[in-house]
Every structure is written in structure tokens, then in C-alpha cells.
Amino acid sequence: MATRGNSIIKGIEINEIITVLNKAYADEWLAYYQYFIEAKVIKGIMKDAAIAELQQHATDELRHANMVADRILQLGGTPLLNPKEWFTHTNCGYEEPKNFDVVSILEDSIKGEQCAISIYSKLAEMTRDKDIVTYDIVSEILADEVEHEEDLQALHDDITEFVADIKKKIT
Ligand SMILES: [Fe+2]
Ligand SMILES: [Fe+2]
């Protein structure tokens, strides 16, 4: 535990920060697995572009899990030790892919990113001017989640427009 590092935290309980970070940690692992498995099962038009995007996001979510775990340890906490706890701590849950079509998979993923954006913006508000280090970490992750949402939405729109164009041409 970073004794001096933690002494600069003001106006917020360290245990409260550890609790919310562990919830975010559960979200990151579930998001990682969701992208991992989506990239495997996805089917349909332009799926290669979607696979590349989903794999990139999986890598990013795992990197976020690392960042959050390291901060929990610095604060003197313990990151969740059992994957069963991911489901009891998660904010955003896990969207099991039921329809493997590219557009459905992208829609599921966009929902997940929108939840992540809400959670990290709450964490940024909660830690601003109180815990500068956690604030920096959650702000950096928040920027990534905003980019994720944008990338998925752009790909989703490209694919749906492309499909609509083809339909117009053949009717
Ligand atoms: Fe993330
Ligand atoms: Fe993300």
C-alpha cells in the first residue's frame, strides 16, 4: 500500500474508492470476455472489419482491468479473486450474444460501451479534486470507452447503409 500516496486522498473514504473500482474491475473482465467471444462467433456481411474492431476492444478492456487492479492494490485493497464475483459486483452485466449477426453483435457492444461511459463518468465526478490518481486513471479509461462507442457506431452505420444500398439496387 502506498502510505504517502494514499495520504493525499481527501474528502472520500479509501474503502469507498476500492469498492467502486472493484465493480469497474468486474465490468472490464466481463467486457473483455464479451468482445473475445463475439469476435469468435460473429457472422455475416463485413464481419472481418467487425472482428478486427472487437479484438482491439478486447485488448483494451483487458488493459483497463490491469490499470484498475493496480490502483486497487495501491490503495491497499484486493482485486476480486474469484470470477464468480464478477457477476455479483458488475455494474453493466454481461450481454450474452444470442444473435450472431454482425449488426446485432455491434448493437449489443454499443449498449455495453454506453453503460461503461456512464459508470466512468460517475467515477470521475466522485474522485475529482479528492483522489487525483484514481481520477486520472478513470478519465483515461473514460476517453477509451467514448472512442469505443464511436468506432462501433461508425461501423454499425457503415454496414447498415451498405446493406440498404444493396437492397435498393436489387429491388
Ligand atoms: Fe474498459
Ligand atoms: Fe470499451
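Every number here is computed from the coordinates shown, using simple stated rules; none is lab data. Note that the coordinates shown come from a computational prediction; the quantities given were computed from them, not determined experimentally. Every residue, glycine among them, receives a Cβ derived from its backbone with ideal geometry; neighbour counts consider all protein chains shown.
Right, Ile17: crowded, with 19+ Cβ neighbours inside 10 Å and within 20 Å of Ser109 (Cβ to Cβ) or not? No; evaluated as a whole, the condition is false for this residue. Cβ-Cβ distances below 6 Å connect the following pairs, each with a first residue in region 45-70 that is under 20 Å from Asn22 (Cβ atoms), a second residue that is in a helix (DSSP H, G or I) and among the charged types (D, E, K, R), and a separation of six or more residues or different chains: Asp60/Asp144; Glu61/Glu28; His64/Glu28; Ala65/Glu28. The set of residues in region 97-121 being free of Cβ contacts under 8 Å to residues at least 24 places away in the same chain and away from ligand 2 (no atom under 14 Å from the Cβ) consists of Lys98, Asn99, Ser104. Before we move on, is Ile37 within 16 Å of ligand 2 (Cβ to nearest atom) and of a type in the set (Val, Ile, Thr)? The answer is yes for Ile37. Just one of the listed residues (Ile137, Ile166) is under 30 Å from Asp70 (Cα atoms), more than 13 Å from ligand 2 (Cβ to nearest atom) and out of contact with any Pro (no Cβ under 6 Å at 6 or more places or on another chain), and it is Ile137. Residues that are within 18 Å of Lys122 (Cβ to Cβ) and touching an Asp or Glu at 6+ places or on another chain (Cβ under 7 Å) number at least 1 in the following helices (runs of 4 or more DSSP H) confined to region 1-91: 14-41, 47-74. Considering only residues in region 98-107 that are surrounded by fewer than 17 Cβ atoms within 10 Å (Cβ to Cβ) and touching an Asp or Glu at 6+ places or on another chain (Cβ under 9 Å), the one that is farthest from Leu155 (Cα to Cα) turns out to be Lys98. Filtering region 92-120 to residues that are more than 14 Å from the chain's Cα centre (by Cα), part of a helix (DSSP H, G or I) and charged (D, E, K, R) leaves only Glu107.
Taken together, the residues in region 131-171 that are farther than 29 Å from Val102 by Cβ and either surrounded by 15 or more Cβ atoms within 10 Å (Cβ to Cβ) or within 16 Å of ligand 1 (Cβ to nearest atom) (or both) amount to 9.
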